[in-house]
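The values are calculated or read from the model by the stated rules, or taken from the named source; none is laboratory data. Only a predicted model underlies this, so the values are computations on that prediction, with no experimental measurement involved. When we count neighbours, we look across all protein chains shown, and the Cβ atoms used for this are built from the backbone with ideal geometry, even at glycine.
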Amino acid sequence: MADQQVPGGDRPSVVALPATIDMNNARQVGQDLLAAFAGGVTTVIADLTGTIRCSAAGVHEIALACQRAAASSLDLRLAIPSAEALHVFSLTGHDRWLPIYPSVAAAIAGGETSPDTEPGAWLGSLPLRPAAAHAGRG
């Protein structure tokens, strides 16, 4: 898929993800997303418009890629129009804190840079488990 223009002149890299993301390819998907930031790209759109099924392993690796990108002040946005692909993101609660858009065009348009929408600003809303929840676990 050809790169599309992001407002402000930043050329994003649009990465088309496979139809199925599961434990067999999830790690590679995460690595491919992070590799798309090479060459000074600061915005990557993960195009899940052709993704029919995304397992918990896929959601986990995509979430890790988003966190790693944000930690480097980079912007990884997800385009997920399919209810089927979005289902596991919803079940796991990831849809509440990952930057998910209904289309590639919306992901490209989404989030002009401002103090409230800096890449990674959404990390402050990550669900954190209290330390007491881990007590007694070995």
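Considering only residues that are part of a loop (DSSP other than H, G, I, E, B) and closer than 17 Å to P102 by Cβ, which ones fall in the range 14-46?
Step one: list which residues in the range 14-46 are part of a loop (DSSP other than H, G, I, E, B), which gives 17-19, 22-25, 36-37, 41-42.
Selection gives L17 alone.
When the range 57-83 is filtered for residues that are outside any helix (DSSP H, G or I) and either surrounded by 15 or more Cβ atoms within 10 Å (Cβ to Cβ) or of a type outside the set (S, T, Y) (or both), the ones remaining, listed by number, are L74, D75, L76, R77, L78, A79, I80, P81, S82. Count of the range 84-104 residues, restricted to those that are within 20 Å of V14 (Cβ to Cβ) and either assigned to a loop (DSSP other than H, G, I, E, B) or within 9 Å of the chain's Cα centre (by Cα) (or both), is 5.
In the range 6-23, the residues that are of a type in the set (S, T, Y) reach residues that are in a strand (DSSP E or B) and at pLDDT 95 or above with C-beta atoms within less than 6 angstrom, at least six apart or across chains, in these pairs: S13/V44. The combined condition, being surrounded by 15 or more Cβ atoms within 10 Å (Cβ to Cβ), modelled with pLDDT under 90 and not aliphatic (A, V, I, L, M), is not fulfilled by G136. More than 18 Å from W97 (Cβ to Cβ) and aliphatic (A, V, I, L, M): does that describe A65? The answer is no for A65.
In contact with a helix residue (DSSP H, G or I) (Cβ under 6 Å, 6 or more places away or on another chain), of a type in the set (S, T, N, Q) and on the phi < 0 side of the Ramachandran plot: is that true of T51 in this structure? It is true that T51 is in contact with a helix residue (DSSP H, G or I) (Cβ under 6 Å, 6 or more places away or on another chain), of a type in the set (S, T, N, Q) and on the phi < 0 side of the Ramachandran plot. Output yes when any residue across the range 47-56 is crowded, with 17+ Cβ neighbours inside 10 Å, touching a residue at least 12 places away in the same chain (Cβ under 8 Å) and assigned to a strand (DSSP E or B), and no when none is. For the range 47-56, residues crowded, with 17+ Cβ neighbours inside 10 Å, touching a residue at least 12 places away in the same chain (Cβ under 8 Å) and assigned to a strand (DSSP E or B): present.
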